[in-house]
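Asker: Sharing a structure with you now.
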Amino acid sequence: MDNELYALAEAAGRALKARGIMLATAESCTGGWIGQAVTMVPGSSEWFDRGFVTYTNTAKQEMLGVPEMTLARHGAVSEATVCAMAQGALARSHAGIVIAVSGVAGPGGGTAEKPVGMVCVAWLLKGGTPVAETLQLDGDRDAVRRETVVRALRGVLTRAG
């Protein structure tokens, strides 16, 4: 068990439960790791609704309704795409807040414009507009993915706490 991830997930869960809102996730590069982190916490079904793992562009379109034009114009790793993922997850769940992530975890797949370690994260509260940021994370594939989970959960705490 990863103590830091558990503590973050537990704190996020307390904040969400106190506000009476559910969380949903839309994950690409983390492959469900955010969902795994939150479901480590006993009783998480009181504040975690569901997770979408949409690793391919087709999955992003089919499961979350991400427009093909968004993917064509901006690519899977973009703030525009994670905002669309968040909107799709919110529309397809009972959540009051959504996290969406997409990135280049490595070791390959990076380009000059989108290097390994580039990750886009969006948070969306029901009734609000998505807030996104682009991160440039260091380390190997595991480190990039783990740090993405950390940043995503911290963002939930900021918005729900």
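Asker: Taking the stated definitions as given, is residue 116 of a type in the set (A, V, I, L, M, F, W, C), in contact with a helix residue (DSSP H, G or I) (Cβ under 6 Å, 6 or more places away or on another chain) and either at pLDDT 95 or above or closer than 19 Å to residue 153 by Cα (or both)? Walk me through it before giving the result.
Answerer: Numbers: of a type in the set (A, V, I, L, M, F, W, C): yes; in contact with a helix residue (DSSP H, G or I) (Cβ under 6 Å, 6 or more places away or on another chain): no; either at pLDDT 95 or above or closer than 19 Å to residue 153 by Cα (or both): yes.
Criteria not met by residue 116.
Asker: Could you grab me the full set of residues in segment 116-144 that are touching a Cys at 6+ places or on another chain (Cβ under 8 Å) and either free of Cβ contacts under 8 Å to residues at least 12 places away in the same chain or buried (at least 22 other Cβ atoms within 10 Å of the Cβ) (or both)? Before you say what the answer is, go through the steps one by one.
Answerer: The first filter runs over segment 116-144 and keeps only residues touching a Cys at 6+ places or on another chain (Cβ under 8 Å), leaving 119, 122, 124, 130, 132-135, 144.
Correct list: 119, 122, 124, 144.
Asker: Pick out the one residue from 30, 58, 54 that is of a type in the set (S, T, N, Q), within 17 Å of residue 2 (Cα to Cα) and either surrounded by 15 or more Cβ atoms within 10 Å (Cβ to Cβ) or modelled with pLDDT of 95 or more (or both). Can you show your working first?
Answerer: Values: 58 fails: within 17 Å of residue 2 (Cα to Cα); 54 fails: within 17 Å of residue 2 (Cα to Cα).
Residue meeting the stated conditions: 30.
Conditions tested, residue by residue: (1) hydrophobic (A, V, I, L, M, F, W, C); (2) in contact with a strand residue (DSSP E or B) (Cβ under 6 Å, 6 or more places away or on another chain); (3) at pLDDT below 95.
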{"position": "67", "(1), (2), (3)": "no, no, no"}
{"position": "72", "(1), (2), (3)": "yes, no, no"}
{"position": "86", "(1), (2), (3)": "yes, yes, no"}
{"position": "91", "(1), (2), (3)": "yes, no, no"}
{"position": "95", "(1), (2), (3)": "yes, yes, no"}
{"position": "98", "(1), (2), (3)": "yes, yes, no"}
{"position": "103", "(1), (2), (3)": "no, yes, no"}
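The values are calculated or read from the model by the stated rules, or taken from the named source; none is laboratory data. Every value quoted in this text rests on a predicted model; they were computed, and no experiment measured them. Backbone-built Cβ (ideal geometry, glycine too); neighbour counts: all protein chains shown.
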